[in-house]
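Notes follow once the structure below has been shown.
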Amino acid sequence: TKNDDVTKTMVKIRIERAQNQQVLFPLNQAEIAISRSQVPFRNRTLHAKGTEEGFTKLTALCEKLGVTIESYSYAVLVMAQIAIYRKGHGNEIPDDGIPPIYLDVLADLRTRLEPNPGECFMNCIAIIDIIGTLTREMPLFGVAEDISKQLQVSTEENRASLFFSCEEEIETGEHCDFFNSLPEGTKSEFMSSDQQIFNYPTKYGWGEIKSIHTIGSNWCPTVANQVLLFHSVDGVMCYSVVCCDGADNIREAKEVFDLFVHVIEHSDLVSEGTVVMDFINFAKN
């Protein structure tokens with residue numbers, strides 16, 4: 001069936017990813033061991049809140065480009081990761097190029113069910129694979145357009161709803177031994193969300209919700225090395241990154257997080273010619 005073929009494609013993507021992914025920010029396992037020895041075991045969560053002006057400029061830029069905030073923000077996240085990595089490795093792009101950046105995108109299946117289940121609590125999360133492929137000269141807007149096309153294919157093939165079929169194949173299928181042999185900390189370095197707009201009530205009898213952030217508890221590194229969630233509440237972006245505890249783990253997550261927030265909030269920094277070297281300069285300033 002078509003769904004079976006799509007599931008096989010999703011598994012193939014996971015295999016290629018496991019074989020080709022370069023982990024830019026290896027986790028400090030000693031710090032994780034110390035964190036896990038504590039009861040309860042907790043991650044760290046860093047927060048930031050944007051401005052109305054920043055969100056207005058962001059939406060205007062995405063409308064001009066013809067891409068969603070989702071696609072553009074993933075492109076910024078890809079470039080932010082590479083920039084922070086290169087900042088610690090000579091600030092230059094090597095001759096052999098830039099390794100592909102793999103993102104896991106969390107998708108809430110509650111919004112994709114037919115018929116709509118209405119107001120209810122559902123912990124039903126799927127993951128969509130996104131690949132950020134860059135060259136030294138590839139502009140940010142080009143990366144956003146490429147990611148937009150990938151998301152379109154994912155939607156057309158209904159990959160989010162097939163996530164659990166893919167997971168079952170990974171856990172019990174012919175490639176299960178290969179996947180089980182992969183060490184912890186080799187999953188997506190920064191998992192993100194597909195929900196960039198909070199479309200739920202914010203005003204109640206007891207008060208008004210002005211910003212919403214996440215508390216990640218022990219998500220990392222089991223789910224991903226870092227989990228970056230961001231969405232607007234009444235026209236202001238709210239940002240959270242969940243990371244493993246420890247000075248090294250927090251520092252690297254924070255550097256990527258800070259650069260990501262800075263670029264998203266200051267859309268006037270970027271243009272059609274913005275490339276990854278510009279992001280490296282943003283990171284140095």
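The values are calculated or read from the model by the stated rules, or taken from the named source; none is laboratory data. Keep in mind it's a predicted model, so treat the numbers as computed, not measured. All Cβ positions, even for glycine, are placed from backbone atoms using ideal geometry, and neighbour counts span all protein chains on display. The protein model used for the area step is the full one, side chains on, heavy atoms only, and it has no ligands, DNA or RNA in it. Shrake-Rupley method; radii C 1.70, N 1.55, O 1.52, S 1.80 Å.
Of note:
- Hits in the range 42-77 (condition: of a type in the set (Phe, Trp, Tyr) and either open to solvent by 30 Å² or more (accessible area, probe 1.4 Å) or under 17 Å from Asp234 (Cβ atoms) (or both)): Phe55
- For the range 139-149, a residue qualifies if it is open to solvent by less than 50 Å² (accessible area, probe 1.4 Å) and either touching a residue at least 24 places away in the same chain (Cβ under 8 Å) or within 16 Å of Gln21 (Cβ to Cβ) (or both), and the qualifying residues are Pro139, Leu140, Phe141, Val143, Ala144, Ile147, Ser148.
- Residue that is modelled with the highest pLDDT [pool: residues in the range 1-39 that are hydroxyl-bearing (Ser, Thr, Tyr) and outside any helix (DSSP H, G or I)]: Ser37
- In the range 244-262, the residues that are under 19 Å from Gly88 (Cα atoms) and either β-branched (Val, Ile, Thr) or surrounded by 19 or more Cβ atoms within 10 Å (Cβ to Cβ) (or both): Asn249, Ile250, Glu252, Ala253, Glu255, Val256, Phe257, Leu259, Phe260
- Test: Phe55 is assigned to a loop (DSSP other than H, G, I, E, B) and either touching a residue at least 40 places away in the same chain (Cβ under 8 Å) or touching a strand residue (DSSP E or B) at 6+ places or on another chain (Cβ under 8 Å) (or both): no
Conditions (1) open to solvent by 70 Å² or more (accessible area, probe 1.4 Å); (2) modelled with pLDDT of 85 or more, marked per residue:
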position: His175; (1), (2): no, yes
position: Thr186; (1), (2): no, no
position: Ser192; (1), (2): no, no
position: Gln195; (1), (2): no, no
position: His213; (1), (2): no, no
position: Thr222; (1), (2): yes, no
position: Asp234; (1), (2): yes, yes
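- Hits in the range 150-177 (condition: within 21 Å of the chain's Cα centre (by Cα) and within 20 Å of Glu16 (Cα to Cα)): Gln150, Leu151, Val153, Ser154, Glu157, Arg159, Ala160, Leu162, Phe163, Phe164, Cys166, Glu167
- Pairs meeting the criteria (first residue in the range 197-209 and without any contact (Cβ under 8 Å) to a residue 12 or more places away in the chain, second residue β-branched (Val, Ile, Thr) and surrounded by 10 or more Cβ atoms within 10 Å (Cβ to Cβ), beta carbons under 6 Å, at least 6 apart or on different chains) are Glu208/Thr202.
- Residue among Val275, Val241 that alone is in contact with an Asp or Glu (Cβ under 8 Å, 6 or more places away or on another chain), within 27 Å of Val23 (Cα to Cα), open to solvent by less than 50 Å² (accessible area, probe 1.4 Å) and not charged (D, E, K, R): Val275
- Out of Leu24, Leu46, one residue alone is touching a Phe, Trp or Tyr at 6+ places or on another chain (Cβ under 7 Å) and under 30 Å from Gly173 (Cβ atoms). It is Leu24.
- Qualifying residue in the range 166-181 (condition: within 24 Å of Pro26 (Cα to Cα), in a loop (DSSP other than H, G, I, E, B), in contact with an Asp or Glu (Cβ under 9 Å, 6 or more places away or on another chain) and not β-branched (Val, Ile, Thr)): no
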